[in-house]
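Visitor: Could you have a look at this structure, given as structure tokens, before my questions?
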2 protein chains.
Amino acid sequence: MDRRQRKTRNAIFQAFTRLLEKKTYSALTVQEIIDEADISRSTFYAHFETKDELLKAMCTDIFNHVFSHEIMSEEHHDFSDKGSFQDHITHILCHLQEKQQTIKGLFSGECGEIFMRYLKEYLYQVFDRQLVDDKDIPREYRLNHAVSSFAETVRWWLGRHSDYSPEEIGRFYFESVDI
Amino acid sequence: MDRRQRKTRNAIFQAFTRLLEKKTYSALTVQEIIDEADISRSTFYAHFETKDELLKAMCTDIFNHVFSHEIMSEEHHDFSDKGSFQDHITHILCHLQEKQQTIKGLFSGECGEIFMRYLKEYLYQVFDRQLVDDKDIPREYRLNHAVSSFAETVRWWLGRHSDYSPEEIGRFYFESVDI
DNA sequence: ATAGTTACAGAACAATATGTTTGTTATCAT
DNA sequence: ATGATAACAAACATATTGTTCTGTAACTAT
């Protein structure tokens, strides 16, 4: 990738992140992002068709980092016992904590909806293999419950209670949900 | 309230609901709502300052119905045992089911974020009184978990699996969460 | 080093949406 | 019946969006 492209792409991402700390996604205009990133109007549209595409690109970047070697490495990991799966989840929480500053602004407004949907898509893959069946409750419901609860746990943690450690959060979650 | 006001307010609400079945909230323009409701531009702005205010007003309307005599009647209801609390929750689910057609469109995009936040605000009041303490997990986390899980249960139910009954959904929830 | 390619800046542009204002007509409450 | 109020129609300024153009600077490959 061209160095110039990388630079402007980063400038846009950082400007976007900074602005999201001050105001909500929907109240944010493309012009403000352009001004904050200090680039030309035509340059922005050469990179992203719309504000939404920018948001999606940022989510993709984040989750490619957070889930980089998590989902792919099916052979390397065997979560036959519950303990090692909890370690796996805690590992994901650590990655999320690294990206905290970037993620924090992505929790409110339409932004939050899109970010959480992305997060859940990845989590479905992680939890689907692990979930044990239950004759009384539909698997679909239990999977949705496990994934949603975890996603909301992340939002609660990084949004307003980031003083807890990843290990603590993992424990809270696994003591609250049956997998 | 003036009969004319009621009529246009209803026309706007219904137009809004109809349009949300076709496209997302953020893709929806004020002009489209005006056309669908068949009212004048100035009339719309006499009722609501922005599209967001319209959405909030609709949420308030819905939840005033759903939680009408639920939260207020603290004296009348005593949920000392878990069973009667489950009945209470099931009752709320019934009310939500009645408003299903209106609610269904409010689950995606920024719309969903706002609707879910409203729903959770009410649920906090309902669950806060019922939650028993646990020495190992912060009360704040457990409350958030109970509320979020229920809100996501409602979204799952009315969004894509509305063939289940309120009683079934209540059972799914209470078998998945410790209150 | 040079030629060809690609990205950026700057400016102008049409198209669309927003929110407000004005004067008029219709409907309401009593 | 009448004064008050809501709805209407049309026009308005403003702001945002997304596109297009030209000239310039930076990168790449040979």
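Only the coordinates and a few stated rules stand behind these numbers; no lab work does. Only a predicted model underlies this, so the values are computations on that prediction, with no experimental measurement involved. A quick note on method: Cβ atoms are made from the backbone with ideal geometry, for glycine too, and the neighbour counts reach across all protein chains shown.
Visitor: With charges set only on the Cβ (+1 for Lys and Arg, -1 for Asp and Glu), what does the dipole of chain A come to about its Cα centre, in debye to the nearest 20? Could the numbers behind the result be given before it?
Guide: Numbers: 23 positive and 31 negative charges, 174 e Å.
For this selection, approximately 840 debye.
Visitor: Per-residue HN-Hα couplings for region B:108-116, Karplus 6.51 cos²θ - 1.76 cosθ + 1.60 at θ = phi - 60°, whole Hz, x for Gly and Pro?
Guide: Values, residue by residue: 10, x, 4, 3, x, 4, 5, 4, 5 Hz.
Visitor: So, how do all the Cα-to-Cα distances of region B:1-127 break down into 5 Å bins, in percent, from 0 on up?
Guide: P(r) for region B:1-127, in whole percents per bin: 2, 10, 19, 20, 16, 13, 9, 6, 4, 2, 0.
Visitor: What's the extension gain from B:Arg171 to B:Gln5 if we count 0.36 nm per residue and subtract their Cα-Cα distance? Could you put the intermediate results ahead of the total?
Guide: On the way: separation 166, 0.36 × 166 = 59.76 nm, distance 4.20 nm.
Difference between extended and current length: 55.6 nm.
Visitor: Need one number: nm distance between label points at B:Asp163 and A:Ala46, each 7 Å from Cα along Cα→Cβ, rounded to one decimal.
Guide: 5.3 nm
Visitor: Relative contact order of region B:3-48: what whole-number percent is it, with Cα pairs under 8 angstrom and at least 6 residues apart? Let's see the in-between values first.
Guide: Values: 22 pairs, mean separation 19.7, N = 46.
RCO, region B:3-48: 43 percent.
Visitor: For region B:62-176, what's the radius of gyration and Dmax over Cα atoms, in angstrom?
Guide: Rg, Dmax (Cα atoms, Å): 13.9, 42.
Visitor: Bin width 5 Å, origin at 0, all Cα-Cα pairs of region B:3-48: what percent of pairs per bin?
Guide: P(r) for region B:3-48, in whole percents per bin: 5, 24, 36, 21, 11, 3, 0.
Visitor: What residue of chain B sits with its beta carbon nearest the rotation axis taking B to A, and at what distance in whole Å?
Guide: B:Glu110, 2
Visitor: In whole angstrom, note down how far apart the Cα centers of region A:87-132 and region A:10-43 are.
Guide: 23 Å
Visitor: Suppose only helical runs count, i.e. DSSP H with n ≥ 4. What mean residue ellipticity at 222 nm does that imply for chain B under -39500 (n - 2.57) per run, divided by all residues and rounded to the nearest 500 deg cm²/dmol?
Guide: Details: 9 runs with 126 residues, N = 179.
Computed mean residue ellipticity for chain B: -22500 deg cm²/dmol.
Visitor: From zero outward in steps of 20 Å, how is the percent of C-alpha pairs of the protein assembly as shown spread across the bins?
Guide: 26, 55, 19, 1
Visitor: A further question follows. Every other copy gets compared here: list the nm distances from the A:Glu175 label point (7 Å along Cα to Cβ) to its counterparts, shortest first, one decimal.
Guide: Nearest to farthest, the other copies are at 2.6 nm.
Visitor: Out of B:Phe79, B:Phe115, B:Phe16, any idea which swings most in a Gaussian network model of chain B, alpha carbons joined below 10 Å?
Guide: B:Phe79
Visitor: Just in region A:128-176: which trypsin sites (Lys or Arg not before Pro) are loop by DSSP and have at most 16 other Cβ atoms within 10 Å?
Guide: Working: sites: A:Arg129, A:Lys135, A:Arg139, A:Arg142, A:Arg155, A:Arg160, A:Arg171; in loops: A:Arg129, A:Lys135.
In loop regions of region A:128-176 (DSSP not H, G, I, E or B), the sparsely surrounded trypsin sites (Lys or Arg not before Pro) are A:Arg129, A:Lys135.
Visitor: Which one of A:Cys111, A:Gln130, A:His91 is farthest out on the positive end of the charge dipole of chain A, using unit charges on Cβ (Lys, Arg +1; Asp, Glu -1) and the Cα centre as origin?
Guide: The Cα lying farthest towards the positive end belongs to A:Cys111.
Visitor: Moving on to the next point. How large is ³J(HN,Hα) for each residue in region A:55-63, as worked out from phi by the Karplus curve 6.51 cos²θ - 1.76 cosθ + 1.60 (θ = phi - 60°), to whole Hz, x for Gly and Pro?
Guide: Result, ordered by residue: 4, 4, 4, 5, 4, 4, 4, 4, 6 Hz.
Visitor: Of A:Lys7/B:Lys56; A:Lys104/B:Lys56; A:Lys23/B:Lys56; A:Lys104/B:Lys51; A:Lys7/A:Lys51; A:Lys23/B:Lys51, which pairs sit farther than 29 Å apart, going by alpha carbon to alpha carbon? Mind dumping the intermediate values first?
Guide: Numbers: A:Lys7/B:Lys56 40 Å; A:Lys104/B:Lys56 24 Å; A:Lys23/B:Lys56 19 Å; A:Lys104/B:Lys51 26 Å; A:Lys7/A:Lys51 18 Å; A:Lys23/B:Lys51 18 Å.
Where the Cα-Cα span goes over 29 Å, the pairs concerned are A:Lys7/B:Lys56.
Visitor: Just A:Leu131, A:Leu54, A:Leu143 to compare: in a GNM of chain A, with alpha carbon springs under 10 Å, which one fluctuates most?
Guide: A:Leu131
Visitor: Further question on the same structure: Return the sequence-ordered ³J(HN,Hα) values of region B:100-106 in whole Hz as given by the Karplus equation 6.51 cos²θ - 1.76 cosθ + 1.60 applied to θ = phi - 60°, using x for Gly and Pro.
Guide: Per residue, the Karplus-derived 3J(HN,Hα) values read 3, 4, 6, 6, 3, x, 8 Hz.
Visitor: How large is the dipole of the protein assembly as shown about the Cα centre if only Lys and Arg carry +1 and Asp and Glu carry -1, each at its Cβ, rounded to the nearest 20 debye? Walk me through the intermediate numbers first.
Guide: Details: 46 positive and 62 negative charges, 324 e Å.
Here the size comes out at about 1560 debye.
Visitor: Would you mind calculating the relative contact order of chain B from Cα pairs under 8 angstrom and at least 6 residues apart, reporting the percent as a whole number? Spell out each step's value before the answer.
Guide: On the way: 111 pairs, mean separation 41.5, N = 179.
Reported as a whole number, the value is 23 percent.
Visitor: Per residue of B:22-34, count partner chain C-beta atoms within 10 Å of its C-beta, then hand back the mean as an integer.
Guide: Numbers: counts 0, 0, 1, 3, 6, 0, 0, 0, 0, 0, 0, 0, 0.
Across B:22-34, the average partner-chain Cβ count within 10 Å equals 1.
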